[in-house]
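Have a look at the structure below before the remarks.
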Protein chains: 2
Amino acid sequence: MNKDLEIERKFLVKGLPSGWKRHASSQIVQGYFPMATGEIEIRVRRRGSQHFITIKGGQGHKRLEEEIEISESRFRALWPLTRAARISKRRYKIPFDGHTIEMDIYQGTHRGLVTADIEFDSVPKSRAFEAPEWLGREITGRREYANAVLARRQGLPRKIKGS
Amino acid sequence: MNKDLEIERKFLVKGLPSGWKRHASSQIVQGYFPMATGEIEIRVRRRGSQHFITIKGGQGHKRLEEEIEISESRFRALWPLTRAARISKRRYKIPFDGHTIEMDIYQGTHRGLVTADIEFDSVPKSRAFEAPEWLGREITGRREYANAVLARRQGLPRKIKGS
């Protein structure tokens, strides 16, 4: 699977699936560097005990994503530069129909938001995907749910209920 | 020497020092990501056959600098995102009085500009440094000579002659 090109769909979670706590999970914190354009995102991330810098370019269905592992000391040095835009969430990996659904339960100021991401290795496969009943409204490509956008805002996007 | 914290002085070059072509040199190209603030710079760089992503924060005499080596394929993937701000130069490493002077001869739209950087491992040593006669006006901390700023502009800073 070509990690450089991300094909994914994203949904709001209507209700947590049964047994969700049993699935593997990791704590994620992300801080975003202040970019002049929304077309490029650069973030540092701690996921469990690993640390990364990630650069994303382009928008929508397909976008460039380069994730580079860095040491914890580098992460600690860079973290203060992201003061204005951070996010914290717990990610559960839930197997479904040959895919892995990444369910993110947001914390802190974004508490109440729960989303699900599914990555695909081709556009046809992404189109063929049939979501399980616990997923709600599709929010693929919706900028207000992009972590980089959420991170800059306090609180939740308007009207996440009724999904 | 702590590479995280950069203490350096920067000068314009009045005249190329005798024998400058004999010193080790490498070709450098740098592209900058569009940041919302001048206080943070993120760039990709090719130096000879090596590739890096570098993040700088803070300003002036001391600043955070994290340089992360990346593969050539990552560099090629990221390079298009820096379209609006690039620089190209040849760097010569010139030993002088126990220091290494990095002399940068700019190319392309910045042709005609030649600068020299010297890094120090302490502020007292940076103050004690006596520049050789071929160095001209000191431009330490001058934003208009920062590569990130030059990269966004066509041509040279005003009045680099008479240095």
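Rule-based calculations on the coordinates, nothing more; no lab input. This one's a predicted model, so the numbers in the text were calculated from it and none came from an experiment. We place every Cβ from the backbone using ideal geometry, glycine too, and count neighbours over all the protein chains shown.
Laid out as a table, the results:
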{"read-out": "Peptide-level mean, for B:74-87, of C-beta atoms on other protein chains within 10 Å", "value": "3"}
{"read-out": "Neighbour-count order for B:Val44, B:Val114, fewest beta carbons within 10 angstrom listed first", "value": "B:Val114, B:Val44"}
{"read-out": "Long-range amide H partners of B:Lys14 with built H, under 5 Å", "value": "B:Leu135, B:Gly136"}
{"read-out": "Helix-only CD estimate at 222 nm, as mean residue ellipticity for chain B, using -39500 (n - 2.57) per DSSP H run (n ≥ 4)", "value": "-2500 deg cm²/dmol"}
{"read-out": "For peptides B:18-25, A:120-127, A:145-152, B:72-79, sequence by mean Cβ density within 10 Å, most packed first", "value": "A:145-152, B:72-79, A:120-127, B:18-25"}
{"read-out": "Overall form of segment A:17-91 per C-alpha gyration tensor (a/c, 1.5; a/b vs b/c)", "value": "oblate"}
{"read-out": "Cross-link table B:Lys10/B:Lys93; A:Lys56/B:Lys56; B:Lys14/B:Lys56; B:Lys93/B:Lys125; B:Lys10/B:Lys89, entries beyond 22 Å C-alpha to C-alpha", "value": "B:Lys14/B:Lys56"}
{"read-out": "When chain B is reduced to its Cα atoms, the Kirkwood hydrodynamic radius in Å", "value": "16.5"}
{"read-out": "A:Phe129 long-range amide H proximity, modeled H, under 5 Å", "value": "none"}
{"read-out": "Extension gain, A:Ser122 back to A:Glu67 (0.36 nm per residue minus Cα-Cα distance, nm)", "value": "17.8 nm"}
{"read-out": "³J(HN,Hα), Karplus 6.51/-1.76/1.60, whole Hz, each residue of segment B:129-134, x for Gly, Pro", "value": "4, 10, 5, x, 5, 7"}
{"read-out": "Using a Förster distance of 30 Å, the FRET efficiency for B:Arg143-A:Gln154 (Cβ separation, nearest 0.05)", "value": "0.40"}
{"read-out": "Cβ neighbours within 10 Å from other chains - mean over A:110-120", "value": "0"}
{"read-out": "For the protein assembly as shown, with +1 on Lys and Arg beta carbons and -1 on Asp and Glu, the positive-most of A:Gly98, B:Phe11, A:Ser18 along the dipole", "value": "B:Phe11"}
{"read-out": "Nearest-20 debye value, the protein assembly as shown charge dipole, Cβ charges on Lys, Arg, Asp, Glu", "value": "920"}
{"read-out": "Reciprocal mean inverse distance between Cα atoms of the protein assembly as shown - Kirkwood radius, Å", "value": "22.2"}
{"read-out": "Exposure proxy order (Cβ contacts within 10 Å, fewest to most) of B:Glu130, A:Glu67, B:Glu69", "value": "B:Glu130, B:Glu69, A:Glu67"}
{"read-out": "Residue mean of other protein chain beta carbons inside 10 Å, A:30-42", "value": "4"}
